[in-house]
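Okay, so here's the structure we're looking at.
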Amino acid sequence: METATVSIQSLCANVGRVITGKDASIRLVVRAMLARGHILLEDLPGVGKTVLARALARSISCQFRRIQCTPDLLPVDITGYVDPRTREFVPGPVFAQIVLADELNRATPRTQSALLEAMGEGQVTVEGVTRSLPDPFLVIATQNPIEHRGVNDLPEAQLDRFTILLSLGYPDRGDESRVLRSRTERDPLATLQPVMDDAQFLELTRQVLQVRIEESLLGYIVDLIRATRSSQLLATGASPRCALQWMRLAQASALTQGRAYVIPDDVKALAVPVLAHRVFPAAYPADSVSMTEWKRRCVQQIIATVSLPES
């Protein structure tokens with residue numbers, strides 16, 4: 001357990017050499033990866049979403065591919081295709097261990113759906129033949145805020161496959177100054193070295209499964225999920241898939257903090273990043289806040305109504 005925690009801290013610190021002043025965000029993304037979850041980064045352009053994905057891939061020495069999503073991107077540009085002349089399969093960029101789907105919501109809904117089977121089952125079916133994807137397989141997708149022009153809302157089925165939604169936000173003045181100083185001569189990403197390989201990373205994901213979670217905390221997760229379904233604030237609540245991913249993420253959170261057991265705060269602290277992209281408000285005051293922020297506020301109000309389990 002101690003060795004695993006040290007390895008995870010080393011991974012977070014390594015990524016922190018490139019992403020300045022976002023330690024909490026880095027820890028959350030690493031926890032989602034350890035839980036074998038996919039990550040959705042929503043923010044304005046230029047705040048480091050793509051750099052974060054690249055730094056994570058380099059830090060665990062995984063095969064990395066980037067997909068630049070545009071309105072003319074086709075599903076076969078993601079999954080691959082069968083060459084009509086040779087009848088041989090030409091794999092698409094989804095056949096990598098870490099896939100960055102950049103600006104996913106600029107692709108058409110039909111193209112977005114090409115990732116559904118890959119994210120849900122770790123496989124791709126092309127012309128009736130199913131092919132397994134590498135292990136580990138993680139999707140890190142970025143999207144612009146839905147209020148921006150030229151974007152398509154991600155379908156509910158796809159949103160539900162992302163374990164967390166995270167926004168990096170702008171750095172404060174001190175961090176932004178440090179970013180500039182660190183890049184006066186060279187880009188830190190260009191010299192970033194791995195701290196582990198894919199086999200070591202997979203071993204950490206197996207140790208996540210050994211973290212103990214009491215029956216009372218499983219009941220707490222269920223109560224929180226059911227509260228989203230019955231709340232008048234929401235038109236649509238969270239799914240059973242969400243509950244499963246939330247449980248695994250809580251186990252990963254405990255492991256990163258050096259514990260072999262989950263505590264209530266592990267579960268509660270994850271509520272907003274786990275739920276905010278999966279629920280849909282019954283009403284939305286469009287003139288006051290963004291849709292994402294409104295969802296976060298709704299989640300916070302709902303979580304406050306559910307009692308913590310007795311220790």
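The values are calculated or read from the model by the stated rules, or taken from the named source; none is laboratory data. Model, not experiment: these values are computed from the prediction. Cβ: placed from backbone, ideal geometry, glycine included. Neighbour counts: every protein chain shown. Areas reflect the complete protein model, heavy atoms only, side chains present, ligands, DNA and RNA absent. Shrake-Rupley method; radii C 1.70, N 1.55, O 1.52, S 1.80 Å.
Numbers below:
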| item | result |
| --- | --- |
| Residue satisfying all of: in segment 89-135; out of contact with any Cys (no Cβ under 9 Å at 6 or more places or on another chain) and of a type in the set (Asp, Glu); least open to solvent (accessible area, probe 1.4 Å) among these | 117 |
| Scope segment 3-21; condition part of a helix (DSSP H, G or I) and in contact with a helix residue (DSSP H, G or I) (Cβ under 7 Å, 6 or more places away or on another chain); matching residues | 4, 5, 7, 8, 11, 12, 14, 15, 16 |
| Number of positions in segment 36-67 that are part of a helix (DSSP H, G or I), open to solvent by less than 60 Å² (accessible area, probe 1.4 Å) and in contact (Cβ under 8 Å) with a residue 60 or more places away in the chain | 8 |
| Helices (runs of 4 or more DSSP H) lying entirely in segment 203-278 (those with 1 or more residues that are surrounded by fewer than 16 Cβ atoms within 10 Å (Cβ to Cβ)) | 215-230, 240-256, 264-268 |
| Residues that are in a loop (DSSP other than H, G, I, E, B), modelled with pLDDT under 85, more than 20 Å from residue 110 (Cβ to Cβ) and open to solvent by 60 Å² or more (accessible area, probe 1.4 Å), drawn from segment 150-182 | 170 |
| Unique residue being touching a residue at least 12 places away in the same chain (Cβ under 8 Å), over 20 Å from residue 1 (Cβ atoms) and small (Gly, Ala, Ser) when the list is 253, 231 | 231 |
| Residue within segment 125-139 that is under 23 Å from the mean Cα position of the chain (by Cα), assigned to a helix (DSSP H, G or I), without any contact (Cβ under 8 Å) to a residue 24 or more places away in the chain and at negative phi present | no |
| Positions within segment 168-224 being under 16 Å from residue 15 (Cβ atoms) and among the hydroxyl-bearing types (Ser, Thr, Tyr), in sequence order | 182, 191 |
